[in-house]
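Below is one structure, written out as structure tokens; the observations come after it.
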Amino acid sequence: MGLHIGKYRFGYGREQAESKIEALGVEQDENGNNYPTHKHTITKLGYEVLEKAVYNGEDVISETVFGEGYLVDVLWRDLQEDEDGLVDHPYGWKTFEVDINSEGIHGFLGLKYQDLKF
Amino acid sequence: MATPSLTMIPSGYKAQKVYSVLPTNGDGDFTFDRNDAGSRVNKNGLIEQVATDIPRLDYSDSSCPSLLLEPASTNLVIGSAEGNYPHLPASLTNTISPDGTNNAVIPTPQYTWIRYQEIIPAGTYLNGQKLTYSWYRKRISTPTGVSVNGDLEVRGLINLTSLESNNATQIESNINGFDRFQVVVEIINGSLESEFRAYVGDVVGVGNSSVAYFGHQFEALPYATSYIPTPITGTASRSAETFSNDFSSQPTVANTNTVVLKFIPMGFSTDFYELLRFSDGTNEIALEGFQTNNYDVYGSGLASSGMVDGALSLDAGSINIISFSYSGTSLRFSHNGSTINTTTPTGNLPTITEVLNNAGGLSPIKILDLRVYNDFKTQEEINTLTTI
């Protein structure tokens, strides 16, 4: 079993992220529900927050300001090794990778991004 | 009564494997996986984390464990042990929590409007998306303010509708002295920002410290899943769990089998998501969610519509036993000691070669006992087998 964690920012927003996720494999069951055909765990974090909202008691002083980048974390499972025994992002994902020096704003339970990043 | 050919009572396990009691040669063992850790209530009644691929034998319902299977979920609350306040209470005192450490919080509010709060950015979800906020609560003394279920008053929601009729619903009891509650809310307009609020101030009473809270969880599902602890720096996810066995040679035989399943349904996300499927690879019988507390026994390739079409009433969170017994020409169903249907199948389920919870959308279930008998039983026999 091989686990890797990747953090990604899609500059063209949610649709771009969704198309990449769908390309990993999605099928529909007999009841019309979509489900992934792969074993990876994908967490959509939404649009990046540029400024947090400010409150004064019950009142909102200023609302949250969001950027255009859509953030996605992926826990990759059992990616195929290349001929050199190395594992890399699936095709088309590396371009969107964000490499950070902390655990970031989201994690997968019991796992460390710093231990499992590419 | 004949001896079952397959008996899975959650007890023995290792990484990626749940052992069956019968058959003893290993053919009835189940494959399990989960990409990351998960939490469970252990034998001592405390919440603990188990590692990647370790099945969760959960003791939250009794001294006998159940096999807990859940879909993926993300806890959107940053710093879940304490929860998020838009304005800090006058003081915060730590106390022992359901995980046995000193990280539950007793807030002392200085205003009635001191509250927990979560914001959902505009454009994150579609109209009608359901989310569930859950928390653990322990009374240190009787609160002096408003009396509401769960000791957090859910009000002042922005762009959200609460689907609870009585403020909150209790979903777990006495986890190290704490009870767990949930509130299901629905987004009115997904293109707008939404705000969830749960007030402490007027419940506890200004200047009082009568209630401890812990384990705040906000997730995009219409029910609460097991606790996903998050650090103070971010949110956290738990991966989906899958559970299956492909026993093409054993332990079922052609045309005459009886399946008995003791389980706890825990809710579902969308109509007809499966809790468990029994299949020969083509035809199948599956237990599926239909609508709140209404389930369906679906017979793909066996009937033109569901065997029990959206009419099987199961209370989420309670123990149920269902059974189906089939020959090549007849199907009998029983639930909690009562006949629920007898039908002539239009197709055939010659030999069960798969029992699985790994296809489609996945729904949460706790399995307490699963048995397969290699015979076609009378209605009276299966009613006896399903009597709780």
Discussion item. Go through region A:1-23 and report how many residues are modelled with pLDDT of 85 or more, part of a loop (DSSP other than H, G, I, E, B) and open to solvent by 40 Å² or more (accessible area, probe 1.4 Å).
Written reply: 1
Worksheet item: What number of residues within region A:55-75 are facing another protein chain (nearest Cβ under 9 Å) and of a type outside the set (Gly, Ala, Ser)?
Response: 9
Worksheet item: Taking the condition touching a strand residue (DSSP E or B) at 6+ places or on another chain (Cβ under 7 Å), touching a residue at least 24 places away in the same chain (Cβ under 8 Å) and of a type in the set (Asp, Glu), does A:Glu97 pass?
Response: yes
Worksheet item: If you go through region B:21-44 one residue at a time, do you hit one that is more than 14 Å from chain A (Cβ to nearest Cβ), small (Gly, Ala, Ser) and either closer than 17 Å to B:Ile367 by Cβ or buried (at least 19 other Cβ atoms within 10 Å of the Cβ) (or both)?
Response: yes
Discussion item. Can you tell me which condition B:Tyr295 does not meet? The list is (1) at pLDDT below 75; (2) surrounded by fewer than 23 Cβ atoms within 10 Å (Cβ to Cβ), and all the others hold.
Written reply: (2)
Worksheet item: Could we say that B:Ile78 is modelled with pLDDT of 95 or more, in the same structural domain as B:Ser11 (by TED's automatic domain parsing) and not in a strand (DSSP E or B) here?
Response: no
Fill in: Exclusive hit being within 19 Å of the chain's Cα centre (by Cα) and at pLDDT below 95, set B:Ser20, B:Ser5, B:Ser62, B:Ser39
B:Ser62
Worksheet item: Which residue out of B:Ser363, B:Ser327 is of a type in the set (Ser, Thr, Tyr) and either surrounded by 21 or more Cβ atoms within 10 Å (Cβ to Cβ) or outside the structural domain of B:Val260 (by TED's automatic domain parsing) (or both)?
Response: B:Ser363
Practice prompt. From the list A:Gln28, A:Gln80, pick out the single residue that is away from every other protein chain (no Cβ under 12 Å), of a type in the set (S, T, N, Q) and over 11 Å from the mean Cα position of the chain (by Cα).
Written response: A:Gln80
Worksheet, complete the sentence: Among the residues of region B:80-97, the number that are of a type in the set (Gly, Ala, Ser) and over 26 Å from B:Lys43 (Cα atoms) is 3
Worksheet entry | Search result, residues across region A:38-54 that are open to solvent by 50 Å² or more (accessible area, probe 1.4 Å) and either outside any strand (DSSP E or B) or at the interface with chain B (Cβ under 7 Å from one of its Cβ atoms) (or both) | A:Lys39, A:Tyr47, A:Lys52
Worksheet entry | Residue satisfying all of: in region B:177-195; charged (D, E, K, R) and under 12 Å from B:Leu126 (Cα atoms); modelled with the highest pLDDT among these | B:Glu186
Worksheet, complete the sentence: Of (1) closer than 30 Å to B:Ala198 by Cα; (2) facing another protein chain (nearest Cβ under 8 Å); (3) exposed (fewer than 15 other Cβ atoms within 10 Å of the Cβ), A:Ser102 fails just (1)
Practice prompt. With the condition kept exactly as written, say whether any residue in region B:110-133 is among the hydrophobic types (A, V, I, L, M, F, W, C), more than 14 Å from chain A (Cβ to nearest Cβ) and open to solvent by less than 60 Å² (accessible area, probe 1.4 Å).
Written response: no
Worksheet item: How many residues are of a type in the set (Lys, Arg) and surrounded by fewer than 19 Cβ atoms within 10 Å (Cβ to Cβ) if we restrict to region B:45-57?
Response: 0
Discussion item. Looking for something on the phi > 0 side of the Ramachandran plot, in contact with a Leu (Cβ under 9 Å, 6 or more places away or on another chain) and not in a loop (DSSP other than H, G, I, E, B) - is there at least one such residue anywhere in region A:65-84?
Written reply: no
Worksheet item: Filter region B:161-176 for residues that are touching a Gly at 6+ places or on another chain (Cβ under 9 Å) and not charged (D, E, K, R); which is farthest from B:Asn44 (Cα to Cα)?
Response: B:Asn167
Item to complete: Output the qualifying pairs, or none if there are none: Cβ atoms under 8 angstrom, residues six or more apart or on different chains, first residue in region B:186-201 and on the phi > 0 side of the Ramachandran plot and within 13 Å of another protein chain (Cβ to nearest Cβ), second residue surrounded by fewer than 18 Cβ atoms within 10 Å (Cβ to Cβ) and of a type in the set (A, V, I, L, M).
Response: none
Worksheet item: So which residues in region B:75-105 are touching a strand residue (DSSP E or B) at 6+ places or on another chain (Cβ under 7 Å) and open to solvent by less than 20 Å² (accessible area, probe 1.4 Å)?
Response: B:Asn75, B:Val77, B:Ser80, B:Gly83, B:Pro89, B:Ser97, B:Pro98, B:Ala104, B:Val105
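The values are calculated or read from the model by the stated rules, or taken from the named source; none is laboratory data. Computed from a predicted structure; not experimentally measured. When we count neighbours, we look across all protein chains shown, and the Cβ atoms used for this are built from the backbone with ideal geometry, even at glycine. Side chains are part of the model used for accessible areas, which takes the heavy atoms of the whole protein and leaves out ligands, DNA and RNA. Shrake-Rupley method; radii C 1.70, N 1.55, O 1.52, S 1.80 Å.
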